[in-house]
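Written below as structure tokens is the structure these notes are about.
The values are calculated or read from the model by the stated rules, or taken from the named source; none is laboratory data. For clarity, every value in this text was computed on a predicted model and none was experimentally measured. Virtual Cβ from ideal backbone geometry, glycine too; neighbours counted across all protein chains shown. SASA here: full protein model, heavy atoms, side chains in, ligands and nucleic acids out. Shrake-Rupley method; radii C 1.70, N 1.55, O 1.52, S 1.80 Å.
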Amino acid sequence: MANHSQLGFQDASSPIMEELVEFHDHALMVALAICSLVLYLLTLMLTNKLSSNTVDAQEIELIWTILPAIVLVLLALPSLQILYMMDEIDEPDLTLKAIGHQWYWTYEYTDFKDLSFDSYMIPTTDLPQGHFRLLEVDHRIVIPMESPIRMIITADDVLHSWAVPTLGVKTDAIPGRLNQTSFITTRPGVFYGQCSEICGANHSFMPIVVESTPLKHFETWSSLLSS
């Protein structure tokens with residue numbers, strides 16, 4: 001959960017999010033190196049007299065043509081690797097369908113018979129003490145920990161977006177179209193997200209809460225809910 005003084009990302013709870021955080025740090029170090037080099041060259045040119053050799057040197061032109069190409073390759077390769085990892089869906093243990101409405105989510109556990117529910121934000125007046133305002137819902141998604149989860153995402157009326165930052169998941173919900181994504185939670189916990197598409201007047205009141213539990217607890221919960 002993010003806090004007011006937080007400058008970085010939330011703690012990663014999935015392998016994809018860990019890769020995204022590492023790529024962010026990698027890109028930030030490359031940008032810092034470029035900025036430091038440019039600042040050094042500007043300082044050098046302002047404090048030294050320019051000569052014709054510096055302006056016309058073919059070696060320098062060759063360097064500032066090849067060096068940016070190398071930097072782009074260093075950024076592109078890990079980026080493409082993460083894109084392919086995010087697209088991979090290999091034999092999921094559980095398939096969960098999320099349907100966006102104005103302004104709540106409907107979830108269907110397609111591997112179970114008649115296991116579905118609507119998830120509404122809890123109003124501030126009804127919020128239990130210690131829970132997060134505008135983020136808590138009346139029915140959380142419960143998933144087994146360390147199991148591949150496939151999310152099938154669509155919408156019933158307008159564009160929505162199913163996003164949970166700590167899991168590295170953000171997928172648009174489009175009416176008449178099924179989008180899919182996958183993730184694995186690496187630890188138990190409660191992870192919060194929100195609709196990340198401007199879908200109307202109550203856009204900011206479509207929270208998402210994912211609860212990751214050990215498999216035996218998930219089996220107990222699913223059997224109670226489906227009975």
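Observations
- Qualifying residue in region 83-98 (condition: under 20 Å from the mean Cα position of the chain (by Cα) and basic (Lys, Arg)): yes
The rows are residues; the columns are (1) of a type in the set (Gly, Ala, Ser); (2) out of contact with any Leu (no Cβ under 6 Å at 6 or more places or on another chain); (3) within 23 Å of Leu83 (Cβ to Cβ).
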{"residue": "Ala163", "(1), (2), (3)": "yes, yes, yes"}
{"residue": "Val169", "(1), (2), (3)": "no, yes, yes"}
{"residue": "Arg177", "(1), (2), (3)": "no, yes, yes"}
{"residue": "Gln180", "(1), (2), (3)": "no, yes, yes"}
{"residue": "Phe183", "(1), (2), (3)": "no, no, yes"}
{"residue": "Gln194", "(1), (2), (3)": "no, yes, no"}
{"residue": "Phe205", "(1), (2), (3)": "no, yes, no"}
{"residue": "Phe218", "(1), (2), (3)": "no, yes, no"}
{"residue": "Ser223", "(1), (2), (3)": "yes, yes, no"}
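- Hits in region 1-17 (condition: exposed (fewer than 15 other Cβ atoms within 10 Å of the Cβ) and among the hydroxyl-bearing types (Ser, Thr, Tyr)): Ser5
- Asp87 open to solvent by 80 Å² or more (accessible area, probe 1.4 Å) and either farther than 25 Å from Gly176 by Cα or not hydrophobic (A, V, I, L, M, F, W, C) (or both): yes
- Count - residues of region 131-149 that are of a type in the set (Asp, Glu), open to solvent by 50 Å² or more (accessible area, probe 1.4 Å) and touching a residue at least 40 places away in the same chain (Cβ under 8 Å): 1
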